[in-house]
Amino acid sequence: MPFIRWYMLGFSVLAMLQACIRIPALSRNRLEKPVEQPFALSPQPPEVDYSLESSWAALPWRKDMADSLPQKDMADGQQTAAVDVFFIHPTTYTGAPTEWQYYWNADVNNAVINKKSDEGSILYQSSVFNESCRVFAPRYRQAHISAFYTQDQQSGNAALELAYQDVRKAFEYFLEHYSNNRPFIIAGHSQGTRHAGKLLREFIESDPALADRLVASYLVGMPVPSNYFQKLPLCDDPNDIGCFVSWCTFQEGFYPPNYAKSGYPNVMCVNPLSWKSDTLNVHRNNNQGGIAWNYSRIIPKINNARIHKGMLWIEEPRVRGRMFIKMNNYHIADYNLFWLSIRQNVKQRCAEYLKQQAAGVMPQNSSD
């Protein structure tokens, strides 16, 4: 079963929220100017050469946004990390597609789009892993945002498939040239999660040797149906390894349009404050912190979280001016609101994996 065709973004983000938590501005005209030309008739960007460092948004030996830290008391541990993360960024190819030479898929040499990726997802999302993992993040010919809501589903699917083939090629290059049989994490957000899920099915579920090297996978911001994986289990404990976590964040009481039709009742979800899949509410006091505006500090106790019928529901984030926030979909803050909790959990799972490895125990999900 393919990933649910879902890509609702929070278009009504207010300045008050943006002033406290980094939520990148989104182009308002992208729904008004979707890609209209059929994929088959559209020019395609040149293929990507992953032997070139310019084809990567983040590499652990190069200075880039993935090395960033929001506070001076934090450390970038990439030089000594025993685990790698292969991180796939979300869609940053938005706006009027006629602005660019290519309509359905982005050119990895487009400096404007790359800047959006680097100063958005690479900075605010991939950096969450840099204490415990070397960060590898490929650029790829990502599908335009239109691919998720177009009436021309054949073209949308073709654009997403082209994007996935790049991600697949980058992952193969990572395994052959960078990984050196080290343990790794696969992570992404939104479109990146869609591609990460396909990697897991194609590579991890079919290759026991690779599966043994998987610490965990963070499949955030794209719903994962309960029958999507045949072998890979859902993590249900903060120490579980060889498994995946996933969540999509919404305002308490909100149901996305076409909730049932979109398959949410059958979606796998883990609470990023407890790392459990139960429905217990976790109070905001247990939220170690989200990222502040300009990536300048951590805001603790920012919001609660509880799972409800496949969704992660939260109350309004405790930020200045929250009474003015009118937002139901926190998709673009899926990482930001739980940043420190995720960072600590990555460290915890990596430590558990390495402990089992040192003990000569075959790494596996600890709930098996």
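Read-outs throughout are calculated quantities, based only on the coordinates presented, and are distinct from any laboratory measurement. Model, not experiment: these values are computed from the prediction. When we count neighbours, we look across all protein chains shown, and the Cβ atoms used for this are built from the backbone with ideal geometry, even at glycine.
Structure above, values below:
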read-out: Antiparallel %, DSSP beta bridges [both residues in segment 236-365], to 5; value: 70 percent
read-out: Under Karplus coefficients 6.51, -1.76 and 1.60, residue-wise ³J(HN,Hα) of segment 37-43 in Hz, glycine/proline x; value: 6, x, 4, 4, 9, 9, x
read-out: 5 angstrom amide H check on H308, placed H, neighbours 5+ away; value: W313
read-out: Karplus-derived 3J(HN,Hα), 6.51/-1.76/1.60, for each residue of segment 230-242, Hz, glycine and proline x; value: 8, 10, 5, x, 7, 5, 9, 7, x, 9, 4, 10, x
read-out: Computed [θ] at 222 nm, deg cm²/dmol, the chain (DSSP H ≥ 4; -39,500 (n - 2.57); rounded to nearest 500); value: -5500 deg cm²/dmol
read-out: Under Karplus coefficients 6.51, -1.76 and 1.60, residue-wise ³J(HN,Hα) of segment 245-251 in Hz, glycine/proline x; value: 10, 7, 7, 10, 9, 9, 5
read-out: Amide H contacts under 5 Å for N105, placed H, 5+ residues apart; value: H144
read-out: Ranking of W61, W247, W313, W104 by count of other Cβ atoms within 10 Å, fewest first; value: W61, W313, W247, W104
read-out: Check: segment 114-250 dipole with +1 on Lys, Arg Cβ and -1 on Asp, Glu Cβ, in debye; value: 340 debye
read-out: Amide H partners (placed H, <5 Å) of W56, local residues excluded; value: R139
read-out: Sorted by Cβ neighbour density within 10 Å, fewest at the top, the residues Y228, Y218; value: Y228, Y218
read-out: Lys, Arg +1 and Asp, Glu -1 on Cβ, resulting dipole of the chain about Cα centre, debye, nearest 20; value: 1040 debye
read-out: Eligible lysines near K355 by straight Cα distance, threshold 21 Å, same-chain separation 8 or greater; value: K347
read-out: Options Y330, Y103, V270, ranked by Cα towards positive dipole end of the chain, top entry (Cβ charges); value: Y330
